[in-house]
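One structure is given below, encoded as structure tokens.
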Amino acid sequence: MGKTLFDKVWDAHVVENIEDGPQVLYIDKHLIHEVTSPVAFLGLDRRGIKVFRPENTVATPDHNVPTINQDKPIADELSRMQVDKLTENTKKHGITLYGLGHPNQGVVHVVGPELGHTQPGMTVVCGDSHTATHGAFGAVAFGIGTSEVEMVLASQCIMQPKPKKMRITVSGKLKAGVTPKDVVLYIISKLTASGGTGYFIEYAGDTFTSMTMEGRMTVCNMSIECGARGGLIAPDETTFEYVKGREFAPKGEEWNKKVEYWKTLYTDSDAVFDMEYTFDAADIKPQITFGTNPGMGMGIDEIVPDEQDITYKKALDYMKVQAGKPVLGMPVDYVFVGSCTNGRIEDFRAFANAVKGKQKADNVVVWIVPGSGQVEKQIKAEGLDKILNEAGIELRQPGCSACLAMNDDKVPAGKLAVATSNRNFEGRQGPGSRTMLASPLTAAAAAITGKVSDPREVFGL
Amino acid sequence: MIEKFVTITSPCVPLPIENVDTDQIIPARFLKATERKDFDKNLFRDWRYDSNNNPIADFPLNNTKYSGKILVSGKNFGSGSSREHAAWSIYDYGFRVVVSSFFADIFKNNSLNNGLLPVQVSAPFLAEIFEAVEKNPSTMLEVDLDAQTITIVESGKKESFEINGYKKECLKKGYDDIDFLISLKDKIAKFKSPLA
Ligand code: SF4
């Protein structure tokens, strides 16, 4: 029987099989940030051991960092201490750090790929559930907990039972106004927030193969939101083209050797999955979420479904939306474009192109937050910041920002945000905040009109 | 080393809500510590306290009717972020077992790595527990790791749960994975990744 892409990458990294237990999996690339690593380093200290292979770990602070005045010390004392701890720990153990103010600093899942740290066929882990992002390169990438961060630091391995395999095939061309974010929100709304639990997803079909790497990363990033550990896409010419020439990409003869290997990474035609789903790209509209988990989403022009379930009703109450009514036209207070889901250059191009020549609505606060220092540089090089300024919108500095309420960018209680990030949980963007997840294009429509709006109408698509 | 897991017989705290995500278990603003300290104080912070920091009386953790080492919750418990702080806050609060009809993957791993036992039961059995607790808040549950069973003591209703043999041994003996991996160092050092 043939092997799936996932099998090929996973099996090549198994160091040992434990009877009736997990497998010992070797990790090629370990990314760390300031929130989930300090207790792991403390654990190493307690055991009196050093990092086993410091060259395989890369660090950057992102969750706690402010997105204005980054040249000044972080005002919040606890945030500052956590970021300082990362600097101290990486220094002590000889780990590469892109600290605050470094041109490569940014959200860890934006930084890894754009510098060429992420490559096809790798195992990639990080103490962060959106590590799934790196699956876009045909890597087996998934989030881990702090105990596991300690394991990787101590031994370059973790212990994992092998997940089951699911394939999601989407075929056809996306309609105007429909972006990769809409594709993944659509998939999650069909599978529900727990439908992928226990699985690793392979995304297949020409809808994905015709996406850019940025688009594929947006899709893989949100695999965790249907409960899957990760999602991946077979590497192809688009992948190789993206990786080539990046700072940490293989060079010269090494490059040719790697590409030859990467070309073997695809699912064999006779391989079998534990679960399969198929969707048609033509059925996908611009999406929006109306509830408090990413599975509670729908086409933006649809009406909120009715369900007799206390958890469901609680979610609608929290969001102040009504079953049987549309969300179109609801006044929006905040628009957030950024995060590891939609904080890459293409996302800002799409947003800036859409708002070009128009004005931000007076009732909305708009936060535009590049995913990394490199993205920020590119935005400026392309003059997108000027387009934003003319629309009355300011560009901020890189970080996780309003994706989670851990730094200064918090949405106040009761306020409604249209966000390009990945989670709409209660209070995710600040205690009492209400979040609707959408694409950068739908975010642009909200920024211009001050309401939840269909981008196809606002921009005549 | 983690604390050794022994059979637990205890009343429980019911939380009949589905999709309880880790942002509810411990909101992001409480993740700023650089040590594992005080996370229990902020367990379910925004459901437990109002915006003036007053306890919300009818939230189960504040309801004196309920107590014990077992938390029982609706399906898809622990979804969302990978923060191990969620498992720490539940454990440090005093829980040793979480019962649900479905757990998110990363949360399950994190729990097992910290001596907190996730017990997955069928949806009807979960409903039975909620019902029993509603009738009698001091309903006792017995969780026997050796036998892999959970029992509603009063009615004697019982269901078995799954756990892989390796993890079971680790919990019983209080071993952790890091000790094991460190003992494999030589083998790991010789291992060649296809990407190396
Ligand atoms: S941008 Fe959001 S989801 Fe991504 S790593 Fe940061 S906090 Fe997590």
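The values are calculated or read from the model by the stated rules, or taken from the named source; none is laboratory data. These figures come from a predicted structure and were not determined experimentally. Heads up, the Cβs are rebuilt from the backbone with ideal geometry, glycines too, and the neighbour counts pull from every protein chain shown. All accessible areas refer to the heavy atoms of the entire protein, side chains included, with ligands and DNA or RNA removed. Shrake-Rupley method; radii C 1.70, N 1.55, O 1.52, S 1.80 Å.
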* Across segment A:427-444, what is the total count of residues that are within 16 Å of the ligand (Cβ to nearest atom) and either facing chain B (nearest Cβ under 10 Å) or over 18 Å from the mean Cα position of the chain (by Cα) (or both)? -> 5
* Does segment B:166-196 hold any residues that are assigned to a loop (DSSP other than H, G, I, E, B) and under 23 Å from residue A:44 (Cα atoms), and which are they? -> B:174, B:175, B:176, B:184, B:191
* Asked: Looking at segment B:166-196, which of its residues are open to solvent by 30 Å² or more (accessible area, probe 1.4 Å) and of a type in the set (Asp, Glu)?
  -> B:169, B:179, B:186
* **From the options B:6, B:13, residue that is in a loop (DSSP other than H, G, I, E, B) and away from the ligand (no atom under 16 Å from the Cβ)** => B:6
* To do: Please give the number of the condition residue A:375 fails out of (1) within 14 Å of another protein chain (Cβ to nearest Cβ); (2) within 16 Å of the ligand (Cβ to nearest atom).
  => (1)
* Asked: Taking segment B:30-84 on its own, how many of its residues are in contact with a Phe, Trp or Tyr (Cβ under 8 Å, 6 or more places away or on another chain), basic (Lys, Arg), more than 9 Å from chain A (Cβ to nearest Cβ) and not in a helix (DSSP H, G or I)?
  -> 1
* Only one residue in A:231, A:227 is open to solvent by 10 Å² or more (accessible area, probe 1.4 Å), within 16 Å of the ligand (Cβ to nearest atom) and within 14 Å of chain B (Cβ to nearest Cβ). Which one? -> A:227
* Give segment B:1-56 a look and list any residue that's more than 24 Å from residue A:402 (Cβ to Cβ), hydroxyl-bearing (Ser, Thr, Tyr) and open to solvent by 60 Å² or more (accessible area, probe 1.4 Å), or say none. => B:7, B:9
* Asked: If we scan segment A:241-255, do we find a residue that is part of a helix (DSSP H, G or I), of a type in the set (Lys, Arg) and either without any contact (Cβ under 8 Å) to a residue 12 or more places away in the chain or open to solvent by less than 20 Å² (accessible area, probe 1.4 Å) (or both)?
  -> no
* Collect the residues in segment A:350-381 that are among the charged types (D, E, K, R) and under 18 Å from the mean Cα position of the chain (by Cα), keeping them in residue-number order. => A:376
* Asked: Only one of (1) over 20 Å from residue A:423 (Cβ atoms); (2) out of contact with any Asp or Glu (no Cβ under 9 Å at 6 or more places or on another chain) fails for residue A:324. Which number is that?
  -> (2)
* Picking from A:284, A:300, which residue would you name as being touching a Phe, Trp or Tyr at 6+ places or on another chain (Cβ under 8 Å) and either in the same structural domain as residue A:6 (by TED's automatic domain parsing) or crowded, with 18+ Cβ neighbours inside 10 Å (or both)? -> A:284
* Give A:333, A:408, A:362 a once-over and let me know the one that is within 16 Å of the ligand (Cβ to nearest atom), surrounded by fewer than 20 Cβ atoms within 10 Å (Cβ to Cβ) and touching a residue at least 40 places away in the same chain (Cβ under 8 Å). => A:408
* Asked: Of all residues in segment B:92-141, which are of a type in the set (D, E, K, R) and crowded, with 17+ Cβ neighbours inside 10 Å?
  -> B:92, B:96, B:105, B:108
* To do: Determine which single condition residue A:217 fails, assuming it passes every other condition in (1) in contact with an Asp or Glu (Cβ under 8 Å, 6 or more places away or on another chain); (2) not in a loop (DSSP other than H, G, I, E, B).
  => (1)
* Asked: All but one of (1) touching a helix residue (DSSP H, G or I) at 6+ places or on another chain (Cβ under 6 Å); (2) open to solvent by less than 20 Å² (accessible area, probe 1.4 Å); (3) in a helix (DSSP H, G or I); (4) more than 12 Å from every other protein chain (Cβ to nearest Cβ) hold for residue B:88; which doesn't?
  -> (4)
* Test: residue in segment A:62-76 that is within 12 Å of chain B (Cβ to nearest Cβ) and either of a type in the set (Lys, Arg) or without any contact (Cβ under 8 Å) to a residue 60 or more places away in the chain (or both) -> yes
* **Residue ID - nearest to the chain's Cα centre (by Cα), chosen from residues in segment B:32-56 that are among the aliphatic types (A, V, I, L, M) and modelled with pLDDT of 95 or more** => B:43
* Structure fact -> How many residues of segment A:89-120 are within 30 Å of residue A:264 (Cα to Cα) and open to solvent by 20 Å² or more (accessible area, probe 1.4 Å)? The answer is 1
* Wholly within segment A:36-135, which helices (runs of 4 or more DSSP H) include no fewer than the required count, namely at least 3 residues that are within 21 Å of residue A:396 (Cα to Cα)? -> A:77-93, A:108-114
* Structure fact -> Note on segment A:21-49: residues out of contact with any helix residue (DSSP H, G or I) (no Cβ under 6 Å at 6 or more places or on another chain), closer than 20 Å to residue A:132 by Cα and acidic (Asp, Glu) are A:28
* Structure fact -> All-but-one check, residue A:402 against (1) in a loop (DSSP other than H, G, I, E, B); (2) within 14 Å of another protein chain (Cβ to nearest Cβ); (3) at pLDDT 95 or above, failing number (1)
* List pairs: first in segment A:151-173 and at positive phi, second in a loop (DSSP other than H, G, I, E, B) and open to solvent by 10 Å² or more (accessible area, probe 1.4 Å), Cβ under 7 Å, 6+ apart or cross-chain? -> A:156/A:52; A:156/A:53
* To do: Scan segment B:145-165 for residues that are polar (S, T, N, Q), assigned to a strand (DSSP E or B) and exposed (fewer than 15 other Cβ atoms within 10 Å of the Cβ) and jot them down.
  => B:160
* Among the residues of segment B:97-142, write down those that are free of Cβ contacts under 8 Å to residues at least 60 places away in the same chain, within 14 Å of chain A (Cβ to nearest Cβ) and part of a helix (DSSP H, G or I). => B:105, B:106, B:108, B:109, B:110, B:111, B:112, B:123, B:126, B:127
